[in-house]
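Worksheet for the structure shown next.
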Amino acid sequence: MQPIYVVEDDSNIREIELFALKNSGYQTEGFECAADFRKRVREKRPSLILLDIMLPDEDGISVLRKLRAEPETKSLPIILVTAKATEIDKVKGLDMGADDYITKPFGVMELISRVKALLRRAAPDEEADMLVSDEIELSRTNRSCKVSDMPVELTYKEFELLSLLLLNAGIVMTRDALMEKIWGIDFLGESRTLDVHIKTLRKKLGEAGHHIKTVRNVGYLWDGKKNQS
């Protein structure tokens, strides 16, 4: 397994994170600033990133945005770790492309549990490599999407959300189920991020976006045909 990168300027917290991860069997590397981290990422990509928002040389949200904008790092699993705990902060981080969010102070067991859950979700699924429904083609191996044979660029979360809807074509997926399966935990009171992702996903899919149906007070449904290979 590739190492987990810990980007945290507080040396005490960084050492706690590194120690906990090593004790759980993971390879790790720590960085106290964004510049050193970004240099190392160009040399070797990690399996997961623990990213603090408050860094001395660059805001963590800015680092996150740049990672998601680059093809080589756009799908890397990223957990934001920060002292900011308001709903707005969490939604902003998730909407920028973070896969999970943990606030300080946190328990070591919670941290390891979040890391394990995200690595499981990010692992390639041997089943149903190609998902095809009407004009949509999704390759889960290449993490690519085509609409009417035209490539469409999706974020990590958008891709996972579309995959789940296609896998369950014709079945209403509840909001809670989508949040739990895509974001890994129940973000109580924060499911606005799901609506934001659905909105952007529909826009990117163009006319094919009409297949994503809103089931009022329940969740969402993909009403296209299901054909996986």
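The values are calculated or read from the model by the stated rules, or taken from the named source; none is laboratory data. As the structure is a prediction and not an experimental result, all values here were calculated from the model. Please note that ligands, DNA and RNA were not included when accessible areas were found on the heavy atoms of the full protein model with its side chains. Shrake-Rupley method; radii C 1.70, N 1.55, O 1.52, S 1.80 Å.
Once you have a ≥ b ≥ c as the square roots of the Cα gyration tensor eigenvalues for segment 1-85, tell me rounded if a/c is under 1.5, and otherwise prolate or oblate according to whether a/b is larger than b/c. Oblate shape, in that a/c is at least 1.5 and b/c is the bigger or equal ratio. The calculated 222 nm mean residue ellipticity attributable to helices in the chain amounts to -12500 deg cm²/dmol, summing -39500 (n - 2.57) over DSSP H runs of n ≥ 4 and dividing by all residues. On the chain, 51 percent of the accessible area sits on carbon and sulfur atoms, based on a 1.4 Å probe. The DSSP beta bridges internal to the chain are antiparallel in roughly 55% of cases.
With the alpha-carbon atoms as the only input, what is the per residue convex hull volume for the chain in Å³?
Numbers: hull volume 27.2 nm³, N = 229.
Cα-based convex hull of the chain, divided per residue, equals 119 Å³.
Under the classification rounded if a/c is under 1.5, otherwise prolate if a/b is larger than b/c and oblate if not, where does segment 92-169 fall, given a ≥ b ≥ c as square roots of the Cα gyration tensor eigenvalues?
Numbers: a/c = 3.27, a/b = 2.05, b/c = 1.59.
In terms of gyration-tensor shape, prolate.
Structure note, pairs 44/146; 44/213; 22/199; 22/203; 44/199; 44/157: Cα-Cα distances above 32 angstrom occur for 44/213; 22/199; 22/203; 44/199. A 1.4 Å probe run over the protein chains yields, for the chain, 50 Å² of accessible area per residue, whole-number rounding.
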